[in-house]
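Read-outs throughout are calculated quantities, based only on the coordinates presented, and are distinct from any laboratory measurement. What you see is a predicted model; the values in this text were computed from it and never measured. Methodologically, a virtual Cβ is constructed for each residue, glycine included, from the backbone with ideal geometry; neighbour enumeration extends over all protein chains shown.
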Amino acid sequence: MNFDFSGKRVLVTGGTRGIGRAAVEAFLAAGAQVAVNGRTEESTHNAVAILGKNAIPAPGDISRPDACRAMVSHAARQMDGLDVLVNCAGVAHGGPVDEVTEAVWDATLDANLKGTFFCTQAALLFLRMSKGNVVNLASDAGLIGEVGLAVYCASKGGVVNLTRALALELAPDIRVNCVCPGYVDTDMVRRDVINASAHPDQTEAALAASSPLNRIACPDEIASAILYLASDAARFVTGAALQIDGGTTAGHPRR
Ligand SMILES: NC(=O)c1ccc[n+]([C@@H]2O[C@H](COP(=O)([O-])OP(=O)(O)OC[C@H]3O[C@@H](n4cnc5c(N)ncnc54)[C@H](O)[C@@H]3O)[C@@H](O)[C@H]2O)c1
């Protein structure tokens, strides 16, 4: 589906790589002006340098509410407003429950849940003016549990229900939705899980087998869903958690 975002102003957190980068490129291809958030000045400027004149840098660590406020207002001032906020920045720390430290809990919840909330709060003024919308990156791990990912599951479950609560409270002016991807071929999975394992091929096959469609997703397959939810085609959609997971959360596979 071809979406038209001509004249629209979009901010994508965590937009320098992975799913966020795919979303940035898709919004740019659809005619939008896009503010690209990355955690550091360097990563953000490096990404924007090759994205063309409609991409502008908006660096800032979204795990800190003060940085969320400064970054969102900088982006909106640069673009003279804001139509779409995509809360994509996130981290995943795996490991057994017994080994979870308070530092891991805080780092995960601060980036995935607190950052999503405070970037959205900082964008409200602009989104109310534009009658805009928010798309959050949740996960299939926000809908079902996963062994070794308890903290990540808690953070993404929080994003799913935060999405619903915000959708209710901000209606009818601002729509709020989330996507729930399964495994996606980004650094979070390819570098940190598959290639970091003792047997990458077997690990990839195991991740693929968790989906009835028997593969992991490409980042642009998630970007398509983000653009749909952000577009006028989804004008009657709010509070939705859209699974893009090859059927992983549909139920029990055939035995
Ligand atoms: N890859 C998957 O399988 C998968 C599945 C479901 C959901 N997700 C979610 O999609 C989102 C994007 O993940 P990805 O796979 O592209 O991962 P990734 O690691 O490739 O990219 C994550 C991005 O978020 C940025 N980021 C992290 N913490 C930040 C902070 N405090 N401030 C600013 N930026 C920060 C990183 O710098 C990076 O650009 C995340 O929220 C992730 O939880 C990913």
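Any chance you could get the radius of gyration and Dmax over the Cα atoms of segment 126-228, in Å?
Cα-based Rg and Dmax for segment 126-228 come out at 16.0, 52 Å.
Using packing as a proxy for protection, rank 108-116, 242-250 so that the peptide with the highest average count of other Cβ atoms within 10 Å comes first. Write out the running numbers ahead of the final one.
Values: 108-116: 23.3, 242-250: 18.7.
Taking the mean over residues of other Cβ atoms within 10 Å, the ranking is 108-116, 242-250.
Once phi is turned into ³J(HN,Hα) by the Karplus curve 6.51 cos²θ - 1.76 cosθ + 1.60 with θ = phi - 60°, what whole-Hz value does each residue of segment 38-45 show in order, with x for glycine and proline?
x, 5, 10, 4, 5, 5, 5, 5
Where the only charges are on Cβ atoms (+1 Lys, Arg; -1 Asp, Glu), what is the dipole of the chain about its Cα centre, to the nearest 20 debye? Write down the numbers at each step before the final one.
Numbers: 21 positive and 26 negative charges, 144 e Å.
I would put it at about 700 debye.
So for the pair residue 198, residue 17, with labels modelled 7 Å out along Cα→Cβ, what separation do we get in nm?
Going from the residue 198 label point to the residue 17 one covers 2.7 nm.
Quick one: which residues, 5+ away or cross-chain, put their amide H under 5 Å from the amide H of residue 91? H built at 1.01 Å from N.
Hits under the 5 Å cutoff: 112.
Relative contact order for the chain: what percent, with Cα pairs under 8 Å and sequence separation of 6 or more?
Details: 515 pairs, mean separation 48.3, N = 255.
The value is 19 percent.
Can you give the FRET efficiency for residue 40 and residue 254, using 1/(1 + (r/R0)^6), R0 = 51 Å, r = Cβ-Cβ distance, to the nearest 0.05? Can you show the working numbers first?
On the way: r = 46 Å, r/R0 = 0.91.
The formula returns an efficiency of 0.65 here.
Rounded to the nearest 20 debye, what is the charge dipole size of segment 204-255 about its Cα centre when +1 sits on each Lys and Arg Cβ and -1 on each Asp and Glu Cβ? Let's see the in-between values first.
Numbers: 4 positive and 5 negative charges, 57 e Å.
Dipole of segment 204-255, to the nearest 20 debye: 280 debye.
Please rank 42, 102, fewest neighbouring Cβ atoms within 10 Å first, as an exposure proxy. Numbers along the way, then the final one.
On the way: 42 11, 102 7.
Listed from fewest to most nearby Cβ atoms, that is 102, 42.
To the nearest 0.05, how large is the calculated FRET efficiency for residue 98 and residue 168 if R₀ is 35 Å and r is the Cβ-Cβ distance? All intermediate terms of the calculation are to be shown ahead of the outcome.
On the way: r = 37 Å, r/R0 = 1.07.
Approximately 0.40, to the nearest 0.05.
Using only the alpha carbons, work out the radius of gyration and Dmax of the chain in angstrom.
17.3, 55
Indicate the gyration tensor shape class of segment 1-64 (rounded, prolate or oblate), computed on the Cα atoms with a ≥ b ≥ c the square roots of the eigenvalues: a/c under 1.5 is rounded; otherwise a/b larger than b/c is prolate and the rest oblate.
Numbers: a/c = 1.97, a/b = 1.76, b/c = 1.12.
Cα axes put segment 1-64 in the prolate bin.
How large is ³J(HN,Hα) for each residue in segment 21-28, as worked out from phi by the Karplus curve 6.51 cos²θ - 1.76 cosθ + 1.60 (θ = phi - 60°), to whole Hz, x for Gly and Pro?
5, 4, 5, 4, 5, 5, 5, 4
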